[in-house]
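Bear in mind that the values in this text are calculations on the coordinates, not laboratory data. Owing to the predicted nature of the structure, the values given are computational and were not obtained by experimental measurement. Glycine also receives a Cβ, built like all others from the backbone with ideal geometry; neighbour counts cover every protein chain displayed.
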Amino acid sequence: MENSGNPARPVISVLGLGHVGLPTALGFAEMGWEVIGADDDAGKVALIKSGKSPFFEPGLQPLLTKHLETGRFRLSESVGEAIRASQVVFVCVSTPQKEDGSADLSQVEAVARNIAQNLNGYKLVVSKSTVPAITGQWIRRTISRFAESYRRAAGASSKNGSFEFDVASNPEFLQEGKALENIFQPDRVVIGVETDQARRILETIYQPLKCPIVVVRISTAELVKHAANAFLATKISFVNMVADLCEAVGADVGEVAKGLGLDPRIGRQFLQAGIGFGGSCFPKDLRALIYMAEEHGVDCGILREVVRVNLRRTRLFVKKIQKALWVLRGKTIGIWGLAFKPDTDDIREAPSLKIVKELLGEGACVRLYDPKAMANVQRVLPESAAQVTYCQSAEEAARGAAALLLLTEWKEFRDVDLASVRSAMDVPLLIDGRNFLDPHAAIAAGFEYHCVGCAVATDGIK
Ligand code: UGA
């Protein structure tokens with residue numbers, strides 16, 4: 001692969017083919033760009049090259065098949081080769097959490113060094129990973145420093161490393177389970193740039209989407225992403241706190257959320273009460289933002305509370321189960337849903353798994369079912385004759401159970417015949433951790449129905 005260097009039709013490389021990188025790469029291919037994907041994980045690259053998506057995301061598999069065929073999406077086993085063959089390099093590597101809550105940026109640094117080593121013409125280096133607000137500066141500094149030392153090592157006459165480059169930030173706002181929808185119909189594209197050339201290139205790349213493009217400084221773009229996630233997580237913890245109040249005074253959090261959300265200043269989204277937020281983003285990004293703010297002497301107490309409220313959600317939910325079921329030891333509990341949210345097989349920081357582990361700790365037996373995440377759960381929680389059974393369907397998970405818990409709101413759970421589920425159970429107790437099922441239908445099917453933030457549904461008055 002060679003760097004064709006045509007600024008009107010830049011070749012794009014996407015480094016890191018995870019939940020952000022792979023949809024992003026295929027999104028660019030669908031917009032008409034020539035894209036090279038690369039990842040340090042050779043097994044993942046081989047799998048994608050063979051036409052298989054390494055994770056479930058609606059619409060991703062057909063898009064992968066399509067663009068391997070059109071040739072607009074190619075894979076490279078070598079990150080360096082992908083850098084050399086492209087003019088625009090999107091950095092989509094992970095920024096995992098360190099013990100102290102800060103972001104581990106070692107993968108970002110490794111990519112910056114790799115770029116320095118492979119500068120063979122102008123490059124625009126765009127960070128898509130969620131990073132603290134001065135990372136762009138560090139990427140620029142790292143590329144400059146290492147490009148210079150690689151050039152010296154290669155001999156003073158070598159041109160290697162003496163080429164220009166720009167750094168930019170273009171945070172991703174995609175949600176797992178809706179990644180392609182978010183890519184093709186974004187509310188906005190935020191680009192943080194330092195030069196006109198970088199701005200022009202990114203505006204050209206995103207031009208096919210015809211959406212608002214917000215052009216800002218790099219550190220501003222980086223902060224927009226962290227602040228957006230922190231604000232959305234705050235809405236969730238806020239509504240969960242309101243849910244507890246609702247239970248205490250006999251109100252209904254769904255109706256309170258409706259009354260709140262119709263005010264356009266508040267908005268209806270992300271006011272769904274339940275067992276708390278999980279996933280690879282909110283918990284990690286909140287801690288990283290708090291760490292960064294406190295490093296700068298900024299008081300982030302409000303975000304510490306958001307984390308604290310969220311951490312308590314699973315314990316409170318287990319207490320709710322105990323209140324409804326009394327003793328947990330030896331009881332069989334059916335579980336509907338394990339992924340951290342529907343339409344994904346991702347179980348990172350899934351509140352459902354924390355609940356399952358607490359139930360096992362209390363001596364309960366669980367019958368687990370999730371439409372997509374079972375294989376991932378089996379890797380961290382092996383089947384055991386004594387306590388853990390994996391089931392092939394929602395109905396099977398309920399068989400012989402003394403309680404049924406809905407922990408992830410997969411659409412298929414709404415289509416289950418509740419009356420037959422009820423008759424397969426030992427005790428018709430249904431605890432809905434996502435307020436997803438119709439309480440009237442559950443009660444009509446013979447269930448004692450409990451949900452979050454609504455005391456009235458339990459006794460059928462509603
Ligand atoms: C989140 C953001 O929504 C994206 O905009 C962002 O790009 C992404 O993080 C990221 O940083 O990469 P994601 O974690 O995929 O996306 O999923 P969300 O839909 O935000 O859900 C996160 C968690 O909040 C889930 O556990 C979900 O069940 C929970 N949630 C969401 C609620 O408990 N209540 C709600 O009302 C909404």
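Check the straight Cα-Cα distances from K123 and name the aspartates and glutamates below 19 Å, setting aside those fewer than 8 residues away within the same chain.
Excluding near neighbours in sequence, the set is E2, E34, D39, E81, E109, E148, E164, D166, E194, D196, E203.
Using all C-alpha to C-alpha distances in region 1-154, build P(r) with 5 Å bins and read off the rounded percent in each one.
2, 10, 19, 22, 20, 15, 9, 4, 1, 0
Using only Cα atoms, tell me the angle between helix 106-117 and the longest principal axis of the chain; keep it within 0 to 90° and round to the nearest 10.
Rounded to the nearest ten degrees, it is 20.
With charges set only on the Cβ (+1 for Lys and Arg, -1 for Asp and Glu), what does the dipole of the chain come to about its Cα centre, in debye to the nearest 20?
For this selection, approximately 580 debye.
Fewest first, what order do E383, E57 take by the number of other Cβ atoms within 10 Å? Before the final figure, lay out the partial values.
Values: E383 10, E57 25.
Final ranking by Cβ density, sparse to dense: E383, E57.
Could you work out the percent of alpha carbon pairs in the chain separated by over 33 Å, rounded to a whole number?
Of all Cα-Cα pairs in the chain, 43 percent lie more than 33 Å apart.
Which one, Q378, L360, C454, is farthest towards the positive end of the dipole of region 353-462 when Lys and Arg carry +1 and Asp and Glu -1 on their Cβ?
Q378
How long are the three semi-axes of the equivalent ellipsoid of region 69-110, in whole Å, if each is the root of 5 times an eigenvalue of the C-alpha gyration tensor, listed from largest down?
Numbers: eigenvalues 163, 26, 14 Å².
Three semi-axes, in Å: 29, 11, 8.
Give me the tail of P(r) for region 305-461 as a percent: Cα-Cα pairs with distance above 29 Å. Walk me through the intermediate numbers first.
Details: 1115 of 12246 pairs.
In whole percent, the share of Cα-Cα pairs in region 305-461 beyond 29 Å is 9.
Could you size up the charge dipole of region 348-462 around its Cα centre, putting +1 on the beta carbon of Lys and Arg and -1 on that of Asp and Glu, and report it in debye to the nearest 20?
Result for region 348-462 is approximately 300 debye, rounded to the nearest 20.
Farthest toward the dipole's positive end in the chain, which of A397, A243, G80, given Cβ charges of +1 (Lys, Arg) and -1 (Asp, Glu) about the Cα centre?
With unit charges placed on the Cβ atoms, the residue in question is G80.
Just list whichever of K66/K357; K66/K128; K52/K320 have alpha carbons separated by over 31 Å in the model shown.
K66/K357; K52/K320
For the pair Q185 and S50, how long in nm is the line joining their label points, each one 7 Å along Cα→Cβ?
Calculated label separation equals 3.5 nm.
In degrees, nearest 10, range 0 to 90: what is the angle between the Cα axis of helix 351-361 and the longest Cα principal axis of the chain?
The angle comes out at about 50 degrees.
What distance in nm separates the two pseudo spin-label positions at Q392 and A42, each 7 Å out from Cα along the beta-carbon direction?
For the pair Q392/A42, the computed spacing is 3.8 nm.
Between Rg and the Kirkwood Rh of region 66-161, both from Cα atoms, what is the Rg to Rh ratio?
Expressed as Rg/Rh, it is 1.03.
Give me the base-10 log of I(q)/I(0) for region 175-306 at each q in 0.09 Å⁻¹, Debye formula, one uniform scatterer per Cα, rounded to two decimals.
So the normalised log intensities are -0.37.
Projected onto the charge dipole of the chain (+1 at Lys/Arg Cβ, -1 at Asp/Glu Cβ, origin at the Cα centre), which of G177, H226, V89 gives the Cα projection farthest towards the positive end?
Farthest towards the positive end: V89.
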